[in-house]
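**Student:** Can you read through this structure? Questions will come right after.
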C-alpha cells in the first residue's frame, strides 16, 4: 500500500493517506502515489510500537486498513515542531496506523510515539499536545481523560482539512516511555462519539500494558519484527506493521482460506526507485501458524491465493536452502507499463513460519528473480538468530 502521512488537526495525529493497494503478506501490486520516508530504525522498538496500535479486529465494523508506518523525527508530522525540538526532548520515533470507513464518513488513527525516558515522555506530551502551537485557530478543546498514565487528555472539536471540516475526538495518554493515542474522526464535520474513543483508547492501553509485560497482543509477535530483513535502510517505506487474518484475506478478496489460520503476520514494503513510481518495490512478509502443515498449505496452494496478474507463470522445481517447501511465480507488476514479466514472488515454509518475498517492477525479470531468491535465502538465515543484518541488492536493480 502506498501512503503519505501528513499532519492534520489536534495532537499531531491527523493523517491523510494516498492509497493504491494494500501491501499484505502476499503483495498483489503496488502503485504508490506517495510514501513515508527512508529511515533506519531499531526493529525491536518499531515492533513494540506496531503491537500497541489498533487493528481491524478491535475496530467498529466497516473500517479497513489504509496504511501504517514508522516515522522518524524529520518526518513525524507534528505541525510547527521541528525535528531538533523533538530529539532534544528525547523523541525516538512515531508509529501511526490509519483506518477508514467511507460509508460512515469515518477515520480512526491510532498512534504511538517513543521517548528515551518517562520524564522525556512527560515533556514530550507538553511539546506535541500544545494545540495553540500545532493547531492555531482550530475549534478544539481539551478535557480530562481517565485512560492510561498521566499526562493524558481528551481533545474534541473540529479542524479544517482543505475545504472540509473534520470532527474529532482524540484521546492521548502516557504508558511508560510511550505516548499513546486514538483519534476518531468524522469527515462530514459531525462530532464523533467520545465513548467510542474512550473504549478504543482503553483497548490500546491494554495492548501497551501487554507489550510492557514482555508479551504479544493478539496477531502480533515481536520476534517477527526483529528477525525480519530490515528493509528500511534500502529505500522509502510503503508499509510496515502487523496484519490480522482478516486484513491479509482482504488483500485477496477471500474468506476462510489457509491464511485465516495465521497467528501473527509482519510485513514490510519499501520502494527503492525514484519518483514518481518509485519502482522496484520489495516486500518481505513473515507469518506464523500453529502447525507446520498450516504454513506449508499456504505454499502448496499459493496459486489459488495469487490474484490475476499479467504474464503470471509458476516456476517449476523451486528450491531454497533451508526451506521445508517453496513456490515461486514470475509476473508483470500492475505498477509498470512493461509487456514482459518484471516481478518475482517466492514463498517458503520453515516449520510453522511462512516467508514471502516479493520484488515488483525490476528493470527485467532476471533481476527480479535474482533479488527475490537472494532475499529469501537471506531471510531464512536470520530465523532464530535474534537479529537480521541489512540485505544487499544486485547492481542495476533500481535502474
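Each value in this text was obtained by applying a stated rule to the coordinates, not by laboratory testing. The shown structure was predicted, so the numbers you read here are calculated from the model rather than taken from an experiment. No Cβ is skipped: glycine too gets one built from the backbone with ideal geometry, and neighbour counts run over all protein chains shown.
**Student:** Note the angle between two axes, namely the Cα long axis of helix 194-212 and the longest principal axis of the Cα atoms of the chain, as a number of degrees from 0 to 90, rounded to the nearest 10.
**Tutor:** Roughly 60 degrees between the two axes.
**Student:** Another question, if that's okay. Neighbour counts of other C-beta atoms within 10 Å: give me 331, 125 arranged from fewest to most.
**Tutor:** Result, fewest neighbours first: 125, 331.
**Student:** How tilted is helix 118-128 with respect to the longest principal axis of the chain? Cα atoms for both, answer in degrees (0 to 90, nearest 10).
**Tutor:** 80 degrees
**Student:** Based solely on its DSSP helices, what 222 nm [θ] is calculated for the chain when runs of n ≥ 4 H residues each add -39,500 (n - 2.57) and the sum is averaged over all residues, nearest 500 deg cm²/dmol?
**Tutor:** -7000 deg cm²/dmol
**Student:** Quick one: length gained pulling residue 274 to residue 314 fully straight, 0.36 nm per residue minus the C-alpha distance?
**Tutor:** Full extension of this stretch gives 11.5 nm more.
**Student:** Find how many whole Å separate the alpha carbon centroid of segment 76-115 from the alpha carbon centroid of segment 45-62.
**Tutor:** 14 Å
**Student:** If you bin the C-alpha pair distances of segment 268-399 every 5 Å from 0, what whole percents do you get?
**Tutor:** Using 5 Å bins, I get a P(r) of 2, 11, 21, 23, 20, 13, 7, 2, 0 for segment 268-399.
**Student:** What is the Cα centroid distance between segment 137-204 and segment 333-399, reported in whole angstrom?
**Tutor:** 40 Å
**Student:** Next question. How high is the relative contact order of segment 29-157, in percent, counting Cα pairs under 8 Å that sit 6 or more residues apart?
**Tutor:** Relative contact order here is 20 percent.
**Student:** Kindly state, as a whole number, the per residue volume in cubic angstrom of the convex hull around the alpha carbon atoms of the chain.
**Tutor:** Value for the chain: 130 Å³ per residue.
**Student:** Roughly how tilted is helix 365-382, in degrees to the nearest 10 and between 0 and 90, from the longest Cα axis of the chain?
**Tutor:** Long axis of 365-382 versus the principal axis of the chain: about 70 degrees.
**Student:** Also: Could you order the peptides 381-391, 63-73, 192-202 from most to least packed, using the average number of other C-beta atoms within 10 Å per residue?
**Tutor:** 63-73, 192-202, 381-391
**Student:** Right, something else. Per-residue counts of other Cβ atoms within 10 Å, averaged by peptide: what ranking do you get for 241-247, 316-322, highest first?
**Tutor:** 241-247, 316-322
**Student:** So if each residue of separation counts as 0.36 nm, and I subtract the Cα-Cα distance between residue 116 and residue 257, what length gain in nm does that give?
**Tutor:** In short, 46.5 nm is gained.
**Student:** Considering Cα pairs under 8 angstrom that are at least six residues apart, work out the relative contact order of the chain and quote it in whole percent.
**Tutor:** So the answer I get is 15 percent.
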